[in-house]
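**Q** One structure, as structure tokens, below. Some questions next.
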Amino acid sequence: MMEASELKKILAAYDTKLDKKLTLNVASLKNINLDKSNKNTKTILIYRIIEIVVFSLLALFMGNYIAINWSQTHLVISGIIVGVFTLIALAGSIGQVVLLQQIDFAKPIIDIRKKIELVNTHGLLFVKLMFLSAPIWWSYIVVGSDYLFNIDLYTHMDVDFVLKYLMVNSLLIIPLVWFLNKLTYKNLHIKWVRKTIGLLTGTKTMKALEFLNDIEKFKS
Amino acid sequence: MKANKKERFIKTIDDHKKIIYKIVNSYCPNREHRKDLEQEIIIQLWNSFDNYNEKYKYSTWMYRIALNVAISFYRKEKKQPIKNDFYDEESIFSIVDENEENETSLDFHLKLLQKFINNLNELNKALMLLYLDEKSYEEIADILGITKTNVATKISRIKLKLKKEFQNI
């Protein structure tokens, strides 16, 4: 049986050998374009900045829309709902830019890996927002049809239908919030969570979530 | 000024070349991709060279960067060769008389140890490399970003695994 200390000796012998035989090829080193920046991080950063610009414009538009239609309660409520979702998406994208700016490979490995993997799981936020929008999808339709076609759908709806719709969808919010809270890397051990995330996001996000799980286990 | 910086950089790399060599070999089993990983590590080290924090040893700084780059490289979905700038040239690091190196130092135990390290996940692999390089628990904790107690616990677990692995020899 071999002890760990004996293995260290083997490695020490290997180290001595490397000391003698390992050489640095200075010519090759000088040939590398050392000023080449991290293209991958820059590309992600550009995408996130575009997201921020788009969501900021949308938030401004919604603010303006609410102000213009202030006297019509149903349009204001619809506008506020769409505006809130826009602001959540904007906050998510700003958070991503902050994370990207904090990625410094000279920092401890666990901190940096966590930040990188959180950047890679960004897609999950949009999936969650999409699901969370389900009970209030009518807000998008009301705002869209009013702005694009100048048609106020609400005035064409039956009051009874609107009330029933609102009641049923408000009841949906609680199980939906529970469902979305479950969709995190901490619950990857649950089969349906794993399958749902895999189905809705894709391999890259799934791998990032799995690694976040590994990081948490490693830290504990 | 820049030439002076480059000379200092080359000297730093030369002084710590074993760190990069071992990390590249542990995280990149595919020989063809090693040049790419070497290049990525060197570029990242160069980009961070001006921001080197003297509070830490050069080896700590180098381990953090090289391990972070290696883990990212290892985790890339498709490990396709990157079109590097020195594709047709030699690697940055080379072993003098490689044939002899293959025959003598990569003996049975060393191969078994390398196999054991290769089977560990990305984070435990980093821990194992640091442990075998005789880094103090404090330095390992600094590099990885976990507590000293956690380092000690994890090392004792890995030691047990290692013992089991080598039990039948």
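The values are calculated or read from the model by the stated rules, or taken from the named source; none is laboratory data. Since the model is a prediction, treat every value here as computed from it, not as a measurement. Here the Cβ is made from the backbone with ideal geometry for all residues, glycine too, and neighbour counts use every protein chain on show.
**Q** Do any residues in the range B:136-152 that are assigned by TED's automatic domain parsing to the domain that holds B:Lys125 have Cβ atoms under 6 Å from those of residues that are aromatic (Phe, Trp, Tyr) and in a helix (DSSP H, G or I), where the two are at least six apart or on different chains, and which pairs are they?
**A** Close Cβ pairs (under 6 Å, with a partner that is aromatic (Phe, Trp, Tyr) and in a helix (DSSP H, G or I)) amount to B:Ile143/B:Tyr63; B:Lys148/B:Tyr137; B:Val151/B:Tyr137; B:Ala152/B:Tyr137.
**Q** Of everything in the range A:89-125, what is in a helix (DSSP H, G or I), closer than 23 Å to A:Val193 by Cα, out of contact with any Gly (no Cβ under 8 Å at 6 or more places or on another chain) and of a type outside the set (D, E, K, R)? Give them in sequence order.
**A** Residues satisfying the conditions are A:Ala89, A:Gly92, A:Ile116, A:Leu118, A:Val119, A:Asn120, A:Leu124.
**Q** Here's something else I'd like to know. Being of a type in the set (A, V, I, L, M) and in contact (Cβ under 8 Å) with a residue 40 or more places away in the chain: is that true of A:Leu163 here?
**A** Details: of a type in the set (A, V, I, L, M): yes; in contact (Cβ under 8 Å) with a residue 40 or more places away in the chain: no.
Criteria not met by A:Leu163.
**Q** For the condition out of contact with any strand residue (DSSP E or B) (no Cβ under 7 Å at 6 or more places or on another chain), within 22 Å of A:Glu210 (Cβ to Cβ) and not small (Gly, Ala, Ser), what is the one hit in B:Lys125, B:Lys115?
**A** Going through B:Lys125, B:Lys115 in turn, just one is out of contact with any strand residue (DSSP E or B) (no Cβ under 7 Å at 6 or more places or on another chain), within 22 Å of A:Glu210 (Cβ to Cβ) and not small (Gly, Ala, Ser): B:Lys125.
**Q** Can you give me the ranges of the helices (runs of 4 or more DSSP H) entirely in the range B:1-100 with at least 2 residues that are modelled with pLDDT under 80 and not hydrophobic (A, V, I, L, M, F, W, C)?
**A** By residue number, B:31-49.
**Q** While we're on this one: Please work out which residue is nearest to the chain's Cα centre (by Cα), limiting yourself to the range B:113-134 and to residues that are more than 10 Å from chain A (Cβ to nearest Cβ) and of a type in the set (D, E, K, R).
**A** The selected residue is B:Lys125.
**Q** Please determine, by comparing only the residues of the range A:195-220 that are under 17 Å from the mean Cα position of the chain (by Cα) and among the basic types (Lys, Arg), which one is surrounded by the most Cβ atoms within 10 Å (Cβ to Cβ).
**A** A:Lys207
**Q** Out of the residues in the range A:30-49 meeting the condition of being of a type outside the set (D, E, K, R) and touching a helix residue (DSSP H, G or I) at 6+ places or on another chain (Cβ under 6 Å), tell me which one is farthest from the other protein chains (Cβ to nearest Cβ). Break it down stepwise before answering.
**A** Of the residues in the range A:30-49, the ones of a type outside the set (D, E, K, R) are A:31-34, A:37-38, A:40-41, A:43-47, A:49.
Right, trim to touching a helix residue (DSSP H, G or I) at 6+ places or on another chain (Cβ under 6 Å) and you get A:32, A:34, A:45.
Numbers: A:Ile32: 5, A:Leu34: 4, A:Leu45: 15 Å.
Ranking the candidates gives A:Leu45 first.
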